[in-house]
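I have placed the structure first, in the form of structure tokens, so that the comments after it can refer back to it.
The values are calculated or read from the model by the stated rules, or taken from the named source; none is laboratory data. Since the structure is predicted, the reported quantities are computational estimates derived from the model, not experimental observations. Ideal geometry is used to build each Cβ from the backbone, glycine not excepted, and the neighbour counts take in all protein chains shown. Keep in mind that these areas ignore ligands, DNA and RNA; they rest on the heavy atoms of the full protein, side chains included. Shrake-Rupley method; radii C 1.70, N 1.55, O 1.52, S 1.80 Å.
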Amino acid sequence: TLENEYIESVWWTFKKAHEKGLLYHGTYPVHACPHCVTAVAFNEIVYTKQTDTAIYVKFKVIGKENTFLVIWTTTPWTLPGNTGVMAHPNYEYAEVQMPNGEKWLMAKDRVQPVMTETGIANGRAVMYSVARTFKGTELENWKYENPLASHMKLPPLQNAYRVIPNERYVNLQEGTGLVHSAPGHGKEDFEAGKKAGLPVITPVELNGTLKQETGKYAGKKAREVDKEIIEDLRAMNALV
């Protein structure tokens, strides 16, 4: 790859692609090294086990009183980049009536596991009930509020904060059946978000710190800022 003949052949290929109108300018997610501040090829990645904090978050549904989409994430630092929630169109979803009057939405098959994992159903009298069930298609394009938006300085976003259908990345083995989507933070989210027309924002610099538009979180490192984000969600009654 150091030979001019090879390098020139690559440029020749790009030139021909340009002449045929095959090139366009866009965005695409890549792995990055915050230490080197550069993109990383797949064969340069070294994998290791790490422990992340998993949380359940309530997104308030717009236009429906006291109703919340409940999502699960192991990457709280990506929540500032959230622009959508994925729901499986063929799954059965439940509207769960909580003792405080709130209505929580999640996949029907995940209600009991979520209530158990969060300690709500811990052997004592169960205080919640399933008010109704419905197909995931009903949720499509429902709009919601990102609870962290009030802490940030994001520009106006078109077609953001809505539920999109997705059969590939939603499952019933973990989480709630509603998947937090940050298209600027990962190939899967990018693929699903772009297909559904979600805006792609990446409020994290290549060095791993959050950008100015994240407001109070600006300059803080991804993953390390998780604790602060979790406490803010707790203060806003957005943490399950």
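Key figures for this structure:
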quantity: Rounded FRET efficiency, nearest 0.05, which uses the C-beta distance separating residue 48 from residue 9 and R0 of 30 Å; calculated: 0.20
quantity: Sulfur and carbon atoms: percent of accessible area, segment 40-118 [1.4 Å]; calculated: 50 percent
quantity: Segment 62-203, relative contact order [Cα under 8 Å, separation at least 6], %; calculated: 37 percent
quantity: Chain lengthening between residue 231 and residue 168 when straightened (0.36 nm per residue, less Cα-Cα); calculated: 19.5 nm
quantity: Cα convex hull of segment 117-240 - mean projected area over all directions, nm²; calculated: 9.6 nm²
quantity: Nearby lysines by direct alpha-carbon distance to residue 220 (threshold 16 angstrom, same-chain neighbours under 8 apart not counted); calculated: 153, 211
quantity: Amide proton proximity set for residue 135, modelled H, under 5 Å, gap of 5+; calculated: 93
quantity: Heavy-atom accessible area per residue - segment 1-148, 1.4 Å, Å²; calculated: 64 Å²
quantity: Label zone at residue 158, where the point sits 7 Å out along the Cα-to-Cβ direction: segment 191-223 residues whose backbone N lies under 11 Å; calculated: 199
quantity: Between segment 29-64 and segment 97-141, the alpha-carbon center distance in angstrom; calculated: 28 Å
quantity: Kirkwood Rh (inverse of mean 1/r, distinct Cα pairs), the chain, angstrom; calculated: 19.8 Å
quantity: Helix-only [θ]222 nm of the chain, DSSP H runs n ≥ 4, -39500 (n - 2.57) each, per residue, nearest 500; calculated: -5500 deg cm²/dmol
quantity: Rounded if a/c under 1.5, otherwise prolate or oblate - segment 1-88, Cα gyration tensor axes; calculated: oblate
